[in-house]
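S.K.: Have a look at this one.
The values are calculated or read from the model by the stated rules, or taken from the named source; none is laboratory data. As the structure is a computational prediction, the values presented were derived from the model and not from experiment. Here the Cβ positions follow ideal geometry from the backbone for every residue, glycine too, while neighbour counts run over all protein chains shown.
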Amino acid sequence: TQQLAAAMPHNPTKSAEYGEANGLAPSAGASAEAASRRPLASCLSEENQNAKTGGVAPEGRNNTIDSLERVRVDSAGQVLTTNQGVAISDNQNTLTAGVRGPALLEDFVLREKITHFDHERIPERVVHARGSGAHGYFECTEAITDITRAAPFQKAGKQTPVFVRFSTVAGERGSKDTARDVRGFAVKFYTDEGNWDLVGNNMPVFFIQDAMKFPDLVHAVKPEPHHQMPQAASAHDTFWDFVSLMPESTHMLMWQMSDRAIPRSYATMQGFGVHTYRFVNDQGQAMLVKFHWLPVAGTHSLVWDEAVKISGADPDFNRRDLWERIEGGAYPQWDLAVQLFTEEQAESFSFDVLDSTKIVPEELVPLRVIGRMTLNRNPDNFFAETEQAAFCVANIIPGIDFTNDPLLAGRIHSYFDTQLLRLGGPNFHEIPINAPIVQVHNNQRDGFHRQAIHRGRVAYEPNSLAGGCPFQAGMQGFVSVAARNESREGVAKMRAKPEKFAEHYAQARLFLDSQTPAEQDHMAAAFRFELSKVTVPAVRERMVASLRNVSDEFAAKVAQGLGIDPLPEPLPLAIARPPAPEVTQSKYLSLMARPGDGSIAGRKVAILVANGVDGDFARQLQQELLARGAVGRFVGTRIGPVKAADGSSLDADASLENSPGFLFDGVVLPDGCDALQHDGHLWETLRDTWRHCKPIAAVGSARDLLGRLLPEAGEREDDQALVLAEKGQGDAVQAFMAALGAPRDFTRESDPPKV
Ligand code: HDE
């Protein structure tokens, strides 16, 4: 060290800080070579991946496995120990003085066990408390080196491990999955150049334009503070009071009242980065970018009555679905698409790209797919991985940069800050799920729960005693893009917003006008439901007054459902002459626009069974579903064996009682299941499946049974999701499968449902 100190008497990079172009050049090894794209030696690159992680991830597997391997615990065949590794002889009885005597303070086994238990809980996330996570990988399909130097996009075929967490926003950690709510879609990329977290939602816009309003928004939507009701619901006074006073929320409200707020599966929802970000290339040139995740399985949602029922029968509906898809090999996949545009283009738009209540319509800037994400591994431990995962908007890597979106600015601060409390100190980046797969070198030290053991006596920079290490990376490291200041007014400090932020309704109208009539009906019903739960009439009326600025027709429809007549005057606009929007209808905004590939992977079907059922048909159908990645469960009045018509035995592993029909994507009544006719649960199952517009197939004698229990089915002609077939008619199964993979046909619906 003394030799090094003598060799490097000064801080070799210091002069550069003062802009002395001809300052002393750093000696070899004291700073990285400028402007080179070669990864730092200390980082993980394709060349040194083997050495750093123990191997390149085999296809379909992801190499976070290797980095987590060192902390995995498997107790199979092991003896029970204390946290100090001392073998425990008796895990049943407290140490006492005599068999009926008092417990002894010296019982360190008991005290350790109870004390640890007492401290098991950590604070839940202040929003997005309820969530589910999975591991996977992102594979680049198109290198875009000319646009960004970000590591995951440098080579087609390159894989980057990811951990993803989906969530609802308002509910507590134990709340139901199928609440009407926004879904979080947070992706942590463990890249060769550090962790990049793309912390997005399943809707491309947000309620507010400025982080300053976030605590207000969250206080308004969370259960009301005096009685803590309602749980995981926006249908209450404080939420609608707030949003009806915040016209900028209107666009997001249209999304939130659409079926997107009740996704069928996390695997069937889109994801969005929401804010405009920047991509930056090797030369420091920047492009504006919006991120989109497109589900390969297509966009599919539930209907409200179904979501309400599911929340009672299976509050873990989306969590279970994610888990089972991955366990069953029906890996959820999304394409990552980007919208790329220049500052000049952005300036010409009728809206401001720094305003997170606005989308960039795909008609203006089309999507470009650059990769695909596959989730293929469930966590080993929910707490250690999913709960301790700390997503942070500030986690970006070279090649990606922020814009001046005022909502984004607050987020850059908030996520790190919240983990300090939630995960108990500044070293949460060392928790295995959060640790990057590249090595971490800096002079940060100590703090609660420090894992790294830093060697040497140097924890400062500049230093000569450690040869100047760790040294700064220069142009190879993260360099903020020399972004032009978006504020036209210059750099004076102010609390203000650009003018285009004042237009609040054009894109709400765009969204509404881009929906199919059925989707519009669902939205009107959602507004009606939510506002009907509001107890203060003035709040309801104000919301209707705001909706008039979107569409008089739509506002009238909502008002009618609330007994508001005549319509209140429209809310005054914040801008006298709003700019004319470029796009007034977009085919991409309806859920129907992206039905997916028609695959039925991950879908669930109830195959109803009773004594006398056509066993061969039931078994064959189950096999066929399985072959296509779907699950067919034999559902009877009770679980256990039923005797098929041919005398063979079928094992019902679900009952109409424990698995009501609304939990399935479709129902099949095989020939000979007539013995179910007196089970009221069957009637409910058929009624719900019908009402929720899901496929029903009835074969042979079951057609009569269906006709008796569900007469409305007989009244409809040309219903693609109703399959009636003779016994032995092979294409019936194919027709049912096609309906299962297709978007629902809502023409069965009526409002209110018919008796
Ligand atoms: Fe978040 N948000 N948020 N948010 N958010 C959190 O971070 C915050 C916003 C999003 O699965 C918190 O670790 C502020 C927009 C997701 O762990 C917190 C603002 C979008 C998740 C926080 C926003 C999101 C969070 C709570 C306005 C979509 C869950 C716990 C300025 C682009 C991540 C935590 C996970 C979580 C703050 C607005 C998405 C408090 C201040 C817009 C997916 O830091």
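S.K.: Can you work out which of the residues in region 207-218 that are in a helix (DSSP H, G or I) and of a type in the set (D, E, K, R) is nearest to the ligand (Cβ to nearest atom)?
M.R.: Selected residue: Lys213.
S.K.: Are any residues in region 592-618 surrounded by fewer than 20 Cβ atoms within 10 Å (Cβ to Cβ) and part of a helix (DSSP H, G or I), and if so, which ones?
M.R.: Within region 592-618, Met592, Ala593, Asp616 meet the criteria.
S.K.: Scan region 409-448 for residues that are at pLDDT 95 or above and either touching a strand residue (DSSP E or B) at 6+ places or on another chain (Cβ under 8 Å) or on the phi > 0 side of the Ramachandran plot (or both) and jot them down.
M.R.: Arg411, Tyr415, Gly424, Gly425, Ile433, Asn434, Asp446, Gly447, listed by residue number.
For (1) out of contact with any Ser or Thr (no Cβ under 8 Å at 6 or more places or on another chain); (2) under 30 Å from His692 (Cβ atoms); (3) without any contact (Cβ under 8 Å) to a residue 60 or more places away in the chain; (4) surrounded by 14 or more Cβ atoms within 10 Å (Cβ to Cβ), each residue gets a yes or a no:
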| residue | (1), (2), (3), (4) |
| --- | --- |
| Pro517 | yes, yes, yes, no |
| Met523 | no, yes, no, yes |
| Ala526 | no, yes, no, yes |
| Val534 | yes, yes, no, yes |
| Glu541 | yes, no, yes, yes |
| Asn549 | no, no, no, yes |
| Pro568 | yes, no, yes, yes |
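S.K.: Residue pairs, Cβ under 6 Å, 6 or more apart or interchain, first in region 390-407 and in contact (Cβ under 8 Å) with a residue 60 or more places away in the chain and aliphatic (A, V, I, L, M), second within 9 Å of the ligand (Cβ to nearest atom) and part of a loop (DSSP other than H, G, I, E, B). List them.
M.R.: Within 6 Å, the pairs are Leu407/Ser356.
S.K.: While we're on this one: What is the one condition in (1) within 33 Å of the chain's Cα centre (by Cα); (2) modelled with pLDDT under 95; (3) not aliphatic (A, V, I, L, M) that Gly561 does not satisfy?
M.R.: Just one mismatch for Gly561, condition (2).
S.K.: Considering every residue within region 399-414, establish whether at least one is near the ligand (Cβ under 8 Å from one of its atoms) and within 24 Å of Leu68 (Cα to Cα).
M.R.: No: region 399-414 contains no residue that is near the ligand (Cβ under 8 Å from one of its atoms) and within 24 Å of Leu68 (Cα to Cα).
S.K.: Oh, and also: From the list Leu589, Leu621, exactly one residue is at pLDDT 95 or above, assigned to a helix (DSSP H, G or I) and either under 24 Å from Asp521 (Cα atoms) or not polar (S, T, N, Q) (or both). Which is it? Step through it out loud before you land on a result.
M.R.: Values: Leu589 fails: assigned to a helix (DSSP H, G or I).
Testing whether each residue is at pLDDT 95 or above, assigned to a helix (DSSP H, G or I) and either under 24 Å from Asp521 (Cα atoms) or not polar (S, T, N, Q) (or both) leaves just Leu621.
S.K.: May I pose another question? Exactly one condition in (1) in contact with a strand residue (DSSP E or B) (Cβ under 7 Å, 6 or more places away or on another chain); (2) closer than 18 Å to Asp513 by Cβ is false for Asn549; which is it?
M.R.: All conditions are met except number (1).
S.K.: In region 686-708, what count of residues is obtained for those that are in contact with a helix residue (DSSP H, G or I) (Cβ under 7 Å, 6 or more places away or on another chain), part of a loop (DSSP other than H, G, I, E, B) and within 14 Å of Leu608 (Cβ to Cβ)?
M.R.: 2
S.K.: Take the residues in region 252-289 that are within 16 Å of the ligand (Cβ to nearest atom) and in a loop (DSSP other than H, G, I, E, B), then tell me which one is farthest from Phe662 (Cα to Cα).
M.R.: This residue is Thr276.
S.K.: Would you check if His119 is in the same structural domain as Tyr331 (by TED's automatic domain parsing) and under 30 Å from Phe391 (Cα atoms)?
M.R.: no
S.K.: Restricting region 192-202 to residues that are more than 8 Å from the ligand (Cβ to nearest atom) and of a type outside the set (Gly, Ala, Ser), which is farthest from Pro161 (Cα to Cα)?
M.R.: Going through the qualifying residues, I end up with Asn202.
S.K.: For region 515-524, what are the residues that are farther than 10 Å from Asp259 by Cβ and in contact with a helix residue (DSSP H, G or I) (Cβ under 7 Å, 6 or more places away or on another chain)?
M.R.: The answer is Thr516, Gln520, Ala524.
S.K.: Next question, about the same structure. For region 709-734, enumerate the residues that are polar (S, T, N, Q) and in a loop (DSSP other than H, G, I, E, B).
M.R.: Gln720, Gln729
S.K.: Hey, another quick one. What number goes with the only condition from (1) free of Cβ contacts under 8 Å to residues at least 24 places away in the same chain; (2) small (Gly, Ala, Ser); (3) not in a loop (DSSP other than H, G, I, E, B) that Ser67 does not pass?
M.R.: (1)
S.K.: Could you check how many residues of region 664-680 are out of contact with any strand residue (DSSP E or B) (no Cβ under 7 Å at 6 or more places or on another chain) and in contact (Cβ under 8 Å) with a residue 60 or more places away in the chain? Step through it out loud before you land on a result.
M.R.: Just the residues of region 664-680 that are out of contact with any strand residue (DSSP E or B) (no Cβ under 7 Å at 6 or more places or on another chain), to begin with: 672, 674-675, 677-680.
Next, only the ones that are in contact (Cβ under 8 Å) with a residue 60 or more places away in the chain stay: 672, 674-675.
Of the residues in region 664-680, 3 are out of contact with any strand residue (DSSP E or B) (no Cβ under 7 Å at 6 or more places or on another chain) and in contact (Cβ under 8 Å) with a residue 60 or more places away in the chain.
S.K.: What are the residues in region 160-191 that are away from the ligand (no atom under 13 Å from the Cβ), touching a Lys or Arg at 6+ places or on another chain (Cβ under 9 Å) and of a type in the set (D, E, K, R), if any?
M.R.: The answer is Lys176, Asp177.
S.K.: Also, I was wondering about something else. Could you list all residues from region 320-369 that are touching an Asp or Glu at 6+ places or on another chain (Cβ under 6 Å) and either free of Cβ contacts under 8 Å to residues at least 60 places away in the same chain or not in a loop (DSSP other than H, G, I, E, B) (or both)?
M.R.: Of everything in region 320-369, just one residue is touching an Asp or Glu at 6+ places or on another chain (Cβ under 6 Å) and either free of Cβ contacts under 8 Å to residues at least 60 places away in the same chain or not in a loop (DSSP other than H, G, I, E, B) (or both), namely Val369.
S.K.: Right, something else. Can you find a residue that is within 30 Å of Asp521 (Cβ to Cβ), surrounded by fewer than 20 Cβ atoms within 10 Å (Cβ to Cβ) and out of contact with any strand residue (DSSP E or B) (no Cβ under 8 Å at 6 or more places or on another chain) anywhere in region 319-332?
M.R.: The answer is yes, given that some residue of region 319-332 is within 30 Å of Asp521 (Cβ to Cβ), surrounded by fewer than 20 Cβ atoms within 10 Å (Cβ to Cβ) and out of contact with any strand residue (DSSP E or B) (no Cβ under 8 Å at 6 or more places or on another chain).
Every residue, every condition in (1) outside any loop (DSSP other than H, G, I, E, B); (2) farther than 23 Å from Arg149 by Cα; (3) at pLDDT 90 or above, yes or no:
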residue: Gly456; (1), (2), (3): no, yes, yes
residue: Met475; (1), (2), (3): yes, no, no
residue: Val479; (1), (2), (3): no, no, yes
residue: Ala483; (1), (2), (3): no, no, no
residue: Val491; (1), (2), (3): no, yes, no
residue: Arg495; (1), (2), (3): no, yes, yes
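S.K.: Scan region 624-655 residue by residue and report those that are part of a loop (DSSP other than H, G, I, E, B) and closer than 24 Å to His678 by Cα.
M.R.: Thr637, Arg638, Ile639, Ala644, Ala645, Asp646, Gly647, Ser648, Asp653
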